[in-house]
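Here is the structure we will look at.
The values are calculated or read from the model by the stated rules, or taken from the named source; none is laboratory data. Predicted model only: the values in this text are computed from it and were never measured. Here Cβ is always computed from backbone atoms with ideal geometry, including for glycine, and neighbour counts include all displayed protein chains. Side chains included, ligands, DNA and RNA excluded: accessible areas come from the protein's heavy atoms. Shrake-Rupley method; radii C 1.70, N 1.55, O 1.52, S 1.80 Å.
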Amino acid sequence: MNKADIVDVLEDIAVLLELKGENPFKIRAYSGGARVLETMEDDLGEVIAEGRLGSIKGIGSALVDKIETLHATGELEYYTKLRASIAPGLIEMLDIPGLGGKKVKKLHDALGVESIDALKAACEAGEVSALKGFGQKSEEKILTGIANRAAYAKRHLWWEARTVAEPILAGLRDLPQVEQAEAAGSLRRLKETVGDLDFIVASSEPQAVMDWFVGQDSVQEVTAHGETKSSVRFESGLQADLRVVLMAQFAFALHHFTGSKEHNVAMRQRALSRGYSLSEWGLKPSSNSGSGEMEVGSGELEVSSEQELFEFLGLQMIAPELREGMGEVERYELGGDSVPSLLELSQLRGVFHNHTTASDGRGTIEEMAEAAEALGFDYLGLADHSKASYQANGLSDARVLKQLEQIRAFNESGESAVHVFSGIECDILADGSLDLEDRTLAALDYTVMSVHSSFSQSEAEMTARVIRAIEHPGTVMLGHPTGRILLRREPYKIDLQKVIDAAIANKVIIEINANPKRLDMDWRLWRRAAEKGLMCAINPDAHSTEGLAYYAAGVNIARKGGIPTEQILNCRDCAGVAQWFAERR
Ligand code: DGT
Ligand code: CA
Ligand code: CA
Ligand code: ZN
């Protein structure tokens, strides 16, 4: 097990001990040990091999054994037993924002609640707000947390859903009975989260395809097994629908089940206005149109692809990710205004906003650059945390300047074909001032300013805070502008229209944080913002060499947002990027 995962286990143990009401010294040994381990600069494997772990200040004797066991085996009996000794419902409560070990213990001791449902009932009966240490506000917050939790459980990150979908699609395509197979639905539309998977197959032998689908090893439950539709559920709770149609219907079915519903409605209206009725089965003259001129055979029209379907209705091909019923049917009229071409993965020359071992990343400058080179990039932007993010081992002014020297030396060494841009992810403090000195910010190639604290400010305060940071001459980019964590934490309150206008006025870039859990700023805002002139950067926010791969999720969002490639900094070459940075400061 690697260091970061061991840190997670130690932190988890501390919380579980709190929940059990263990003595504070014991609890602190684990939480403190986790912090020491997290900020340790030496390689954990080496420290263990040299027998030095026990001599590190803050890692007590009880921890040495456990860390070594976790490092060697990835398992720890003490931890497994500790978890098993606590009611699962109490562990689930820890997911509710604002509830840690201590508070869950209090609720359990005072009210006897052992499940989320019981906690919800206690809140609704006003029993929680009556407890010392909880008030009306925390009771409401718990109820909101429980409601969000239920909604979150119904959806899955696109990135994870894709991992499940890929082998299924490959398996379907391998079946001899299958003529064509595609994933449809929100997965194909590249939505940030996915409710369920939808597969469409063309085959004249549906039964064999259905049998294979429901018989996959990973299937936990078969919820439907019919002639043309089957549904299954996997262990993660993710469900999948399969529909099998004849080849002649494939393009129609694929289009219909790709959705979105709103897009389908607009398409059906367009067809109707031209005298046709469109469904998942096909396209035929609507009964009262009386127009015979386009009829084919029985009245059904044939199309062999979605492109032909769009063209028949006088439209250019609309990429699946744009089919959200947000005016795309009007915009893609043949012969209408030109629409921007969508970003391709291969157009990215590099990425910005990535972390190294200097703060909370797992890769060194050299390792991150090597990984960027392997991805074919020309440059890599590094932006570690600043000191206010102490839990992430953020850099002081002095440490920033030291890292800057290291990056310069790295670039000058000529050991890498990748040019490293020196940056920082600097905290925007509660009042909108910045965490580092102006001259530190000015010494760097570029900066990303982000909010990592005081999330519960009012909308007016948060908006003013972020705009103050945008107006600072040292600011080049704004990081994850709403702080949302998909399926876990709601965005903080902020007026993004005002933020967008301020960013444009100050020539500040807003990032697409490409971590699949963030995808912030949201695609729904990008088209308008880009039309107004906002510049974008795709920022994987990688905390390891593997994390660089998240740039692909950012490309999805840029496509979904219809951002023209000229307004995406990553499409510029090294000199072009350097020029942008220089002109902004
Ligand atoms: P999801 O699964 O919630 O992430 O979102 P989708 O879009 O994948 O929705 P899903 O799986 O319920 O249905 C797949 C597509 O099928 C949907 O995008 C459009 C089409 N569809 C489903 N139900 C309806 C409907 O009642 N009316 C229309 N027009 N289309 C529908
Ligand atoms: Ca779906
Ligand atoms: Ca579905
Ligand atoms: Zn951040």
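Could you work out the per residue convex hull volume over the alpha carbons of the range 345-584, in cubic angstrom?
Convex hull volume per residue, Cα atoms: 106 Å³.
Between the DSSP loop rule and a limit of at most 16 other Cβ atoms within 10 Å, which GluC sites (Glu not before Pro) in the range 400-442 are left? Numbers along the way, then the final one.
Details: sites: Glu405, Glu412, Glu415, Glu425, Glu437; in loops: Glu415, Glu437.
Qualifying residues, ordered by number: Glu415, Glu437.
Taking every pair of alpha-carbon atoms in the range 273-401, give the share separated by more than 23 Å as a whole percent.
On the way: 4977 of 8256 pairs.
Considering the range 273-401, 60 percent of its Cα-Cα pairs are separated by more than 23 Å.
Whole Å is fine, so just give me how far the alpha carbon centre of the range 197-259 lies from that of the range 1-73.
Cα centroid to Cα centroid, the span is 47 Å.
Could you tell me how many cubic angstrom of Cα convex hull volume the range 157-245 has per residue?
That works out to 77 Å³ per residue.
Let's see if you can work this out: charge +1 on each Lys and Arg Cβ, -1 on each Asp and Glu Cβ, no other charges. What is the dipole magnitude of the range 3-152 about its Cα centre, in debye to the nearest 20?
Working: 19 positive and 25 negative charges, 143 e Å.
For this selection, approximately 680 debye.
Restrict the search to the range 193-297; then list the GluC sites (Glu not before Pro) that DSSP places in a loop and that have at most 16 other Cβ atoms within 10 Å of their Cβ.
Within the range 193-297, the qualifying GluC sites (Glu not before Pro) (loop, at most 16 other Cβ atoms within 10 Å) are Glu227, Glu235, Glu280, Glu293, Glu295.
Considering every Cα-Cα pair within the range 443-585, what fraction, in whole percent, is farther apart than 28 Å?
Here the long-distance tail beyond 28 Å is 11 percent of all Cα pairs in the range 443-585.
Please compute, for the alpha-carbon atoms of the range 3-152, the extent along each of the three principal axes and give them in descending order in Å.
So the extents along the principal axes, rounded to whole Å, are 58, 30, 26.
Can you give the accessible area per residue of the chain, in Å², using a 1.4 Å probe? Numbers along the way, then the final one.
Details: 26360 Å² over 585 residues.
Per-residue accessible area for the chain comes out at 45 Å².
Mean shadow of the chain, computed from the convex hull of its alpha carbons, in nm²?
The Cα convex hull of the chain, projected and averaged over all directions, gives 31.6 nm².
Would you grab the residues whose amide H sits under 5 Å from the one on Asp378? Only those 5+ places off in sequence or on another chain, please, with H modelled 1.01 Å from N.
Distant-sequence amide H within range of Asp378: Gly350.
Which sequence of Asp501, Asp174 reflects their accessible areas, 1.4 Å probe, from the largest down?
Largest accessible area first, the list is Asp174, Asp501.
Subtract the Cα-Cα distance of Ala49 and Glu22 from 0.36 nm times their separation in residues, and report this length gain in nm to one decimal. Each step should come with its number before you reach the end.
Details: separation 27, 0.36 × 27 = 9.72 nm, distance 3.21 nm.
Contour length minus the Cα-Cα distance gives 6.5 nm.
How much accessible area does Glu166 have with a 1.4 Å probe, in Å² rounded to the nearest 10?
Surface accessible to solvent at Glu166 totals approximately 110 Å².
Within the range 52-130, report the GluC sites (Glu not before Pro) that DSSP leaves as loop and that have at most 13 other Cβ atoms within 10 Å. Could you put the intermediate results ahead of the total?
Details: sites: Glu68, Glu75, Glu77, Glu92, Glu114, Glu124, Glu127; in loops: Glu75, Glu114, Glu127.
Here the GluC sites (Glu not before Pro) that fit, given the DSSP loop and packing criteria, are Glu75.
Carbon-plus-sulfur fraction of the accessible area of the chain, 1.4 Å probe, in percent?
50 percent
Between the range 144-167 and the range 429-468, how far is it from one alpha carbon centroid to the other, in angstrom?
Value for the Cα centre distance between the two parts: 31 Å.
On a 1.4 Å probe surface of the protein chains, which of Thr163, Thr357 comes out largest in accessible area, and what is the full order?
Ranking Thr163, Thr357 by accessible area, largest first, yields Thr163, Thr357.
Could you pull out every whole DSSP H run in the chain that spans at least 20 Å of Cα extent along its own axis and averages 0.0 or higher on the Kyte-Doolittle scale?
Counting only whole DSSP H runs, the qualifying helices are 3-20.
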